[in-house]
Amino acid sequence: MSYRILAINPGSTSTKIAVFDEEKEIFSKNIEHSVEELSKFSELIEQFDYRKDIIRKYLSEAKIDSSTLSAVVGRGGIIRNLTTGGYIVNEKMRNELENNPIFVHASNLGGLIADSFAKPLGIPAYIYDAVTSNELLPVAKVTGFKEVERESFCHVLNSRAISMRLAKSHGKKYEDMNYVVAHMGGGISISAHQHGRIIDSVSDDAGPFSPDRSGSLNLFYVVEMCYSGKYTKKEMLKKIRGEGGLKSLLGTTDCREIEKRISDGDEYAKLVYEAEALQVAKGIGILLASFEEKIDAVILTGGMAYSKMLTDMIKVRIDKLVPVEIVAGENEMEALAYGALRILRDEEKAKEL
């Protein structure tokens, strides 16, 4: 039996969609949403019909008949009590996505929109490899604050998909391998994959700074800023996510622009880029200690991995310790579709909240 899958990935200013026949992508579209369009909605959930209708419009224009779909899969939302893999979008999940997420994020619409397409057709709707998938070892959850337990926040979707692909390319299974994966995008998160389980991670607010996020900082400095009276809570959160990192230091999030500045002799841009590489390497180094057995490879992935200048700076610090593989890009749509395909083929079992 042949399977056709619609994958839906809502982002803050875009909605990506793709249709796959088995492993072959037959249609894709990155739908950009202007600030003016989104400003009409005061709450994220109010964007539901707008995004659903625009997806339906582009599918119709591409002559993709919804009745030919076998399943629909959406980007996993920011909700509690998940592990890696696929989940069926049921009533409990719909309620969590709509009313009880950990925080508001566009990906919370993924499962809801997927269900809106799937339910009338009588086919399954899934989410797959949500950011909040939490399989940390108990020892990795302990913090120095009794009131705070660490949870896993990392780019689970791409990290697992790239790990599976790399293992397969070496004639092995993901479940047989040990990897440290640094996903370098708008945020940088790093994860430790031990025999198919993410046993530890460094989240995008606890490790390297990134294009627009501050990464980890000395807490005394942060506390002083929070109570200085100069910044509101909203402004401080924006400094952590949205206005930190390369954007704060160099006024841009574009690695190509930074590299041009460096080639033109900008010594400060060179220093910042080297600091970025050092912080990524240090974050990887932290997770090397999470294993008690041989690590097969460190994987550098995400959009920033297209920068050879940056990856070379990272590699020189760690490739004497462990092999380094570079697999640039995010591959999110493929990861979503392939995850749903494995469920349809009974290679994986979908879970339920």
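Divide by every residue of the chain the summed helix terms, -39500 (n - 2.57) for each DSSP H run of at least 4, and state the resulting mean residue ellipticity at 222 nm, rounded to the nearest 500 deg cm²/dmol.
-11000 deg cm²/dmol
This model, with +1 at the C-beta of Lys and Arg and -1 at the C-beta of Asp and Glu, gives the chain a dipole about its Cα centre of some 160 debye.
For segment 68-120 versus segment 335-353, the spacing of their alpha-carbon centroids is 14 Å.
Taking each full run of DSSP H in the chain as one helix, which ones are at least 27 Å long along their axis (Cα atoms) and have mean Kyte-Doolittle hydropathy of at least 0.0? Before the final figure, lay out each step's value.
Details: long enough: 267-288 (31 Å, 0.66).
Helices passing the filter in the chain: 267-288.
The dipole here belongs to segment 260-353: it is taken about the Cα centre, uses +1 on the Cβ of Lys and Arg and -1 on the Cβ of Asp and Glu, and is about 180 debye.
Between the C-alpha center of segment 1-17 and that of segment 227-251 there is a gap of 32 Å.
Farthest toward the positive end of the dipole of the chain, out of Met177, Ser216, Val298, is the Cα of Met177, where the dipole comes from beta carbon charges about the Cα centre.
How high is the FRET efficiency from Ser228 to Glu22, r the C-beta distance, R0 56 Å, rounded to 0.05? Don't jump to the answer; show the numbers that get you there.
Details: r = 57 Å, r/R0 = 1.01.
After rounding to 0.05, the efficiency reads 0.50.
Bridgeable lysines around Lys270 (alpha carbons under 30 Å apart, same-chain partners fewer than 8 residues away excluded): Lys238, Lys239, Lys247, Lys260, Lys282, Lys308, Lys315, Lys320. Restricting the calculation to alpha carbons of segment 138-322 gives Rg and Dmax of 17.2, 58 angstrom. Give Lys168/Lys349; Lys141/Lys173; Lys63/Lys92; Lys24/Lys168; Lys141/Lys349; Lys40/Lys119 a once-over and call out the pairs whose C-alpha atoms are over 24 Å from each other. Over 24 Å Cα-Cα: Lys141/Lys173; Lys63/Lys92; Lys141/Lys349; Lys40/Lys119. Packing, taken as the mean count of other beta carbons within 10 Å per residue, orders the peptides 69-76, 25-32 from highest to lowest as 69-76, 25-32.
Between the alpha-carbon centers of segment 169-184 and segment 133-157, tell me the distance in whole angstrom. So the separation of the two Cα centres works out to 21 Å.
Among Leu310, Leu109, Leu237, the largest mean-square fluctuation in a Gaussian network model of the chain (Cα springs under 10 Å) belongs to Leu237. Counting only Cα atoms, the chain measures 57, 50, 49 Å along its principal axes, largest extent leading. In this entry, segment 50-112 is assigned a mean projected area of 5.1 nm², taken as a quarter of its C-alpha convex hull surface.
Determine the dipole magnitude for segment 138-322: charges of +1 sit on the beta-carbon of Lys and Arg, -1 on that of Asp and Glu, nothing else is charged, the reference point is the Cα centre, and the result goes in debye to the nearest 20.
Numbers: 27 positive and 25 negative charges, 64 e Å.
Value, rounded to 20: 300 debye.
Taking the DSSP beta bridges with both ends in the chain, the antiparallel portion is around 65 percent.
No lab work stands behind these numbers, since they all come straight from the coordinates. Quantities reported herein were computed from a predicted structural model and do not represent experimental measurements. Reconstructed Cβ throughout: ideal geometry from the backbone, glycine too, with neighbour counts over all protein chains shown.
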